[in-house]
1. Could you list all residues from the stretch 112-155 that are within 17 Å of Gln188 (Cβ to Cβ), part of a helix (DSSP H, G or I), open to solvent by less than 30 Å² (accessible area, probe 1.4 Å) and not polar (S, T, N, Q)?
2. What pairs can you find where one residue is in the stretch 212-237 and in contact (Cβ under 8 Å) with a residue 24 or more places away in the chain, the other is in a helix (DSSP H, G or I) and charged (D, E, K, R), and their Cβ atoms are less than 6 Å apart, with a gap of 6+ or different chains?
3. Give the stretch 84-111 a look and list any residue that's open to solvent by 20 Å² or more (accessible area, probe 1.4 Å), at pLDDT below 90 and either in contact with a Lys or Arg (Cβ under 7 Å, 6 or more places away or on another chain) or outside any loop (DSSP other than H, G, I, E, B) (or both), or say none.
4. Any idea which of Val157, Val182, Val196 is at pLDDT 95 or above and closer than 30 Å to Glu119 by Cβ?
5. If I ask for residues that are modelled with pLDDT of 90 or more, outside any helix (DSSP H, G or I) and under 20 Å from Gly45 (Cβ atoms), which ones from the stretch 443-479 would you list?
6. Look through the stretch 158-199, keep the residues that are surrounded by fewer than 24 Cβ atoms within 10 Å (Cβ to Cβ) and polar (S, T, N, Q), and return whichever of them is farthest from Leu58 (Cα to Cα).
7. Take Ser457 and tell me if it is in contact (Cβ under 8 Å) with a residue 40 or more places away in the chain, among the hydroxyl-bearing types (Ser, Thr, Tyr) and in contact with a Gly (Cβ under 7 Å, 6 or more places away or on another chain).
8. Just to be sure I understand, how many residues within the stretch 418-443 are farther than 14 Å from Met497 by Cα, free of Cβ contacts under 8 Å to residues at least 40 places away in the same chain and surrounded by fewer than 22 Cβ atoms within 10 Å (Cβ to Cβ)?
Amino acid sequence: MKFIDIQNIDVTYGTNEEEKLITALKGLSLQVDEGTFVAIIGKNGSGKSTLAKTLNGLILPGSGKVYVSGLDTSDKEQIWEIREQCGMVFQNPDNQLVAAVVEDDVAFGPENLGVPSDEIKKRVYAALEQVEMIDFKDKAPHLLSGGQKQRVAIAGVLAMMPKCIVLDEPTAMLDPQGRAEVLKIIKQLNADGITVVLITHFMEEAAQADQIIIMDDGEIKLKGTPEEIFKDWKQIKRYGLDIPHALEYSIALKEKGLPIEECHIEEDKLIKQLIDIHDEKKMQACKNNNPKTECEAGDVGGCIDRTCDTEGFLSVKNLTHIYSKGMPYETKAIDDVSFDVARGEFIGVIGHTGSGKSTLIQHLNGILKPDEGHIVLNGVELTKQGVCLAEVRKNIGLVFQYPEYQLFEETVEKDIAFGPKNLGLSEDEVKERVKWAMETVGLSYERFAQVSPFELSGGQKRRVAIAGVIAMKPEVLVFDEPTAGLDPQAHRDILKMISDFHKKENATIFLVSHNMKDVAELSDRVLVMDDGRLNMMDTPDNVFAKYRELEELGLALPPTRDFLLKLKKSGLPVKGEAMTLNGCIEEIIEVI
């Protein structure tokens, strides 16, 4: 039975001659059967979120029809029934939480549907049980971790007892453990008969769906099972998307001459095949009376030892920060943190959601003041009473998690020029800074200078926001999840831009990220936060060697090292040290 029936819809943004008309969906048709798990993937601006919002009437198409469980979304008399049957969970749970207590928040939806009080209580408790949050019913939502908040947001939708749940990148802002928790709940809901529509940039999540839909330029380009979709992996990459890690390893190993029968999208199946190949080679070697079946693998793929002399540039000593001090919800977000950083170092900052990462970095340019401790840059104490914050922020630039929210001017040029102007530079100097910054982030001055920043794509907006910070030429540049919510191609572009800037300008970089692959490949050292304390700070090699400790902290390994570790546990004698794709493949080739 079709639960969702979309018939030839068009959606256009812009309502008058002064606004630029943008066609977000073009003649799109789609049917989704009841109880199906559908994943929608595509680059930023492809129309995914617009499509999702048509499913419960948040957006009405200009032409065509959308039916949900036989109900027409354009019929105002049916819209509340549609929203009761088709609930939506957005990317940022903070945007959905409205009450001071978890239980009240989950009750908000049923209350607005006019459900009787006794029934509301039953629904709230049942929904919290479903997402394993019943023990948190009396807690304040703002004190929960990101993963816990997202579970509460899902519970709020479940309490309305929908037949379908639409999730728009619900794991984009979560740490690896939070991501795994939410995906587990999504799969369980689907197993219980709820139709699931999941928008995601994570291919491992998409690979677990019944059906994958690829969107581009407002249209559905490909549709099929994960096996059917990822079989044409070259086409997937042409759409600017990634492929599952297991498929990437399969392709690379096959190209190296291993007898890979099938390119797998699931790691377990690939591991079994590699073990079988290894065992067969081993038996063949024994028959040939040559017991030596394993080479002594060299140190391939691992990161070089990038330990630096950290004295004399940036020093953080005994930093402590307490939120709501003296109040019932008093929280020690940073607890006696100390470390030193050398000029030109690239520091990756990781930790579970709520570990204190963002609080820590907001002290670096004076947005937050510590309750205790000091920060010293080039011999100047930044936390000293009476220090000029304008000087601090000139030397330490901070790019927030969604930097496009920092944009506010009429044109790209004016937005980037705002910081340099406030440094008191001349008009000519400001223009030179703007041109240099735009060139550095890969935006043409001639093409983009006079364009409104709000007309740009998500990736371009981030480049403009970053250009506005680097135009001030800070000695230290701090990025808080700069690639969150971006499609794979935009993600790669932003990281390359940061890496190039680091190398060319010898800038000191802090990169806060939940992406262990990015941190492993880019960082000189990795700073690990846990419950407000500095857990460890070392080279990527040394930090990611402590996989058991990281697992206890709710963190993950870089995908390649995680895969090698699984191979090792399954009996393939790899070293398990590589953190790059090439290194991973070399380790496997060496032992097979």
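The values are calculated or read from the model by the stated rules, or taken from the named source; none is laboratory data. Everything numeric in this text was worked out from a predicted model, so none of it was measured. With ideal geometry, Cβ positions are generated from the backbone for all residues, glycine too; neighbour counts draw on all protein chains shown. Keep in mind that these areas ignore ligands, DNA and RNA; they rest on the heavy atoms of the full protein, side chains included. Shrake-Rupley method; radii C 1.70, N 1.55, O 1.52, S 1.80 Å.
1. Within the stretch 112-155, Ala127, Leu128, Gly147, Arg151, Val152, Ala153, Ile154, Ala155 meet the criteria.
2. Going by the 6 Å Cβ cut-off, the qualifying pairs are Met215/Lys48.
3. The first filter runs over the stretch 84-111 and keeps only residues open to solvent by 20 Å² or more (accessible area, probe 1.4 Å), leaving 84-85, 90-92, 94-101, 103-104, 108, 111.
Retained after the next criterion (residues that are at pLDDT below 90): 84, 90-92, 94-96.
Result: Glu84, Asp94, Asn95.
4. Numbers: Val157 fails: at pLDDT 95 or above; Val182 fails: at pLDDT 95 or above.
Result: Val196 is the single residue among Val157, Val182, Val196 that is at pLDDT 95 or above and closer than 30 Å to Glu119 by Cβ.
5. Those that are modelled with pLDDT of 90 or more, outside any helix (DSSP H, G or I) and under 20 Å from Gly45 (Cβ atoms): Leu443, Ser444, Val451, Ser452.
6. The extreme case among them is Gln177.
7. On the way: in contact (Cβ under 8 Å) with a residue 40 or more places away in the chain: yes; among the hydroxyl-bearing types (Ser, Thr, Tyr): yes; in contact with a Gly (Cβ under 7 Å, 6 or more places away or on another chain): yes.
Criteria met by Ser457.
8. 12
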